[in-house]
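Chemist: For reference, the structure I am asking about is given below.
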Amino acid sequence: MKDELTEPVSHTSYRAAITAFLQERLQDKLDKLKADDPDREAKRSKLLADHAPDAWMADAARRVAHIQAVTHSLKPIHPDARGTNLYVEPANLPQLAELGSHALKGNFVGDVVGDAGSLGVYKFLKLEANSRSLLTALLAQDADALAALHSDPAQAQTLRDAFVSLTQPRAGGPSSHTLAKQLYWLTGSDACADGDYALLAPLYATSLAHAVHAQLQQDRFGETNKAARNAKKERKAHDGILHDYPGLAVQNLGGTKPQNISQLNSERRGMNYLLSSLPPQWRINEQRLPVQADSVFERLFNARPEVRRALKALRQLLESDPAANQTTRLQRDDWVAALVDEMVALAAELEQAQPPGWTLEPRFADLNRDEQLWLDPLRAELPDEAEFAQDWLAMDWPEAIGKRFGNWLNARLQGKLQFGDIEFRAWKDELLADEDGFAQQLRERRGRIRAARKGVAV
C-alpha cells in the first residue's frame with residue numbers, strides 16, 4: 001500500500017476543492033438576500049450563474065491582473081507606494097547563516113497585494129489538495145490541476161497562464177517610488193565618489209512577518225505555553241519550555257483597512273510584531289549605591305559577581321607559586337584586565353541609572369572627591385558646577401583612582417601573599433592604560449565636558 005501523501009494529486013481532489021470553495025462563497029451571498037426583496041429571485045439567479053465554475057474562473061482570470069502575488073512587498077512601507085514587488089520562493093534565495101526569508105524554505109505562505117476586491121482570487125489559488133496549493137500545481141504545469149480548471153485543454157491553459165501571471169513582476173521593469181524608502185550603500189572605497197554607491201530599495205518581507213506572527217501567537221497563547229506560564233506563576237516544576245518575549249511591540253499596518261496593505265496583513269487584522277532590540281537598562285538599587293561610604297571599593301565593588309570570580313582566580317594563580325614566565329604574566333594580566341573591565345562597567349551603570357549630580361545628595365557626602373569625579377562625570381556639565389568641572393578637567397583624579405584600585409587589590413591579595421610597590425604600580429598603570437575602556441572613556445568625556453562649558457570660566 002502506497003503512502004497517501006506520495007500519491008499524485010488527482011483531478012477530482014482539486015475539482016472538489018474548487019466546488020466547495022465556490023459553494024461556500026455562493027451560500028454566503030445567498031444568505032444575505034432579503035426575503036422581502038422584490039428582486040430576490042433575479043439576484044439569486046444571477047448569483048447562481050456567476051458562481052458556476054466556468055463563469056467564476058473566467059471572471060477570476062480577468063481580475064487577476066489587478067493583484068500580484070508577493071513574498072516581499074512595498075505596500076507595508078507605504079500603502080500608496082507604486083513600485084516593484086517581488087515573489088521569490090524562500091528555497092530559491094541564498095542560504096545564509098543570518099535569519100531571513102530563506103529560513104522558511106518550503107514552509108511559507110505567499111502574500112498578495114493590489115485591488116482589495118480581487119483578493120478572493122488568491123484565496124482560490126491557495127486551495128490545497130494533498131498539501132499542495134493549486135497555484136503551486138499550476139506553476140508546475142500539473143496536468144490534473146489544469147484539468148480541474150476547464151474540460152477544454154486550450155481553455156484550461158489560458159486560465160492557467162492568467163492565474164500564474166500574478167507571481168511575475170509587472171511590466172516596465174524594476175522601479176521604486178517617491179513614497180518608498182531608498183538607501184545608498186557604499187560598495188567601493190571612496191565615500192565621495194557617486195560611482196562607489198549602489199541604491200537599495202528595501203522591501204517588507206511579508207511572508208517572513210506572517211511566519212513570525214504565527215510563531216509568536218502560538219508561543220504566547222498556545223496551550224503548551226499557557227501550562228508553562230501557569231507553572232512559573234505557581235512556582236511549580238515543569239518539564240516544558242516557557243517562551244517569553246519581553247518588550248514586544250505591535251505595529252498596525254493599514255489602519256481600519258488592513259486589506260489595502262495585503263491579504264496576509266488583512267488575515268492578521270493589521271498586526272505585525274516587532275521584537276525588542278533595545279540595549280540593556282541597568283537598574284541600581286539602594287543596596288548597590290555608595291551610601292554613607294568613603295569609597296565604592298569598601299563594599300559595592302567587592303559585591304560584583306565577576307569581581308569575586310576574578311579575585312578568586314587571581315588568588316589561586318598566585319598561591320600556586322607559578323613560574324616567573326610569560327605564560328604566568330599573561331594569565332595574571334587577563335584577570336587584572338577583567339577587574340578593570342568591571343570598574344569601567346560600574347561607572348557606566350551608575351551614570352546610566354543616576355541623574356547628573358547625584359553625588360551632591362547628602363547620603364553620598366562621605367564619598368571620596370576623586371571617586372565623585374570618576375563616577376558622576378555629568379555633574380561637570382551642570383551650570384553651577386564650574387569648580388567640579390575644573391577639577392575634572394585637571395585630570396589629577398584618574399591617577400588617584402588608579403592608586404585606590406591598586407590599594408584595594410593589594411588588600412584583597414594579602415595574607416599569605418606579600419606584595420609591594422612594584423605590584424602596586426603595575427596594577428595602577430593597568431587601569432590607566434586600558435585603551436578600550438577607562439582611557440577611551442576619559443577622552444570622550446573630556447570633549448563633552450569642554451563642549452558643555454564653552455564660554456564658562458572654569
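Chemist: Of all residues in segment 58-96 being of a type in the set (A, V, I, L, M, F, W, C), touching a residue at least 24 places away in the same chain (Cβ under 8 Å) and out of contact with any Phe, Trp or Tyr (no Cβ under 8 Å at 6 or more places or on another chain), which is farthest from Phe21 (Cα to Cα)?
Modeler: Restricting to residues being of a type in the set (A, V, I, L, M, F, W, C), touching a residue at least 24 places away in the same chain (Cβ under 8 Å) and out of contact with any Phe, Trp or Tyr (no Cβ under 8 Å at 6 or more places or on another chain), the top hit is Ala81.
Chemist: Can you find a residue in segment 285-300 that is outside the structural domain of Gln414 (by TED's automatic domain parsing), hydroxyl-bearing (Ser, Thr, Tyr), surrounded by 15 or more Cβ atoms within 10 Å (Cβ to Cβ) and touching a residue at least 24 places away in the same chain (Cβ under 8 Å)?
Modeler: Within segment 285-300 (the criterion being outside the structural domain of Gln414 (by TED's automatic domain parsing), hydroxyl-bearing (Ser, Thr, Tyr), surrounded by 15 or more Cβ atoms within 10 Å (Cβ to Cβ) and touching a residue at least 24 places away in the same chain (Cβ under 8 Å)), the answer is no, since none of the residues qualifies.
Chemist: Which of (1) surrounded by 13 or more Cβ atoms within 10 Å (Cβ to Cβ); (2) modelled with pLDDT of 90 or more is the odd one out, the single condition Ala400 does not satisfy?
Modeler: Going through the list (1) surrounded by 13 or more Cβ atoms within 10 Å (Cβ to Cβ); (2) modelled with pLDDT of 90 or more, Ala400 breaks only (2).
Chemist: Residue pairs, Cβ under 7 Å, 6 or more apart or interchain, first in segment 15-28 and surrounded by 12 or more Cβ atoms within 10 Å (Cβ to Cβ), second among the small types (Gly, Ala, Ser). List them.
Modeler: Arg15/Ala148; Ala17/Ala129; Ile18/Ala148
Chemist: Answer yes or no: is there a residue in segment 273-283 that is buried (at least 16 other Cβ atoms within 10 Å of the Cβ) and either modelled with pLDDT of 90 or more or closer than 30 Å to Ser73 by Cβ (or both).
Modeler: Scanning segment 273-283 turns up at least one residue that is buried (at least 16 other Cβ atoms within 10 Å of the Cβ) and either modelled with pLDDT of 90 or more or closer than 30 Å to Ser73 by Cβ (or both).
Chemist: Identify all residues within segment 386-395 that are modelled with pLDDT of 85 or more and surrounded by 11 or more Cβ atoms within 10 Å (Cβ to Cβ); write none if there are none.
Modeler: Ala386, Phe388, Ala389, Gln390, Asp391, Trp392, Leu393
Chemist: Tell me the residue from Ala198, Ala214, Ala228 that is buried (at least 16 other Cβ atoms within 10 Å of the Cβ), among the aliphatic types (A, V, I, L, M) and not in a loop (DSSP other than H, G, I, E, B), please.
Modeler: Ala228
Chemist: Cβ-Cβ under 7 Å, sequence separation 6+ or interchain: first residue in segment 202-216 and more than 13 Å from Gly270 (Cα to Cα), partner part of a loop (DSSP other than H, G, I, E, B) and of a type in the set (A, V, I, L, M). Which pairs?
Modeler: Once the first residue is more than 13 Å from Gly270 (Cα to Cα) and sits in segment 202-216, its partners that are part of a loop (DSSP other than H, G, I, E, B) and of a type in the set (A, V, I, L, M) give Leu203/Leu74; Tyr204/Ile77; Ser207/Val109.
Chemist: List the helices (runs of 4 or more DSSP H) inside segment 292-398, counting only whole elements, that have at least 3 residues being of a type in the set (Gly, Ala, Ser), within 40 Å of the chain's Cα centre (by Cα) and within 27 Å of Lys454 (Cα to Cα).
Modeler: 326-353
Chemist: Let me confirm something: among Ala214, Ala209, which residue is in contact with a strand residue (DSSP E or B) (Cβ under 6 Å, 6 or more places away or on another chain) and either aliphatic (A, V, I, L, M) or closer than 30 Å to Gln182 by Cα (or both)?
Modeler: It is Ala209.
The values are calculated or read from the model by the stated rules, or taken from the named source; none is laboratory data. Values in this document were obtained by computation on a predicted structure and should not be read as measured data. Counting neighbours? That spans all protein chains shown, and the Cβs are built from the backbone with ideal geometry, glycine included.
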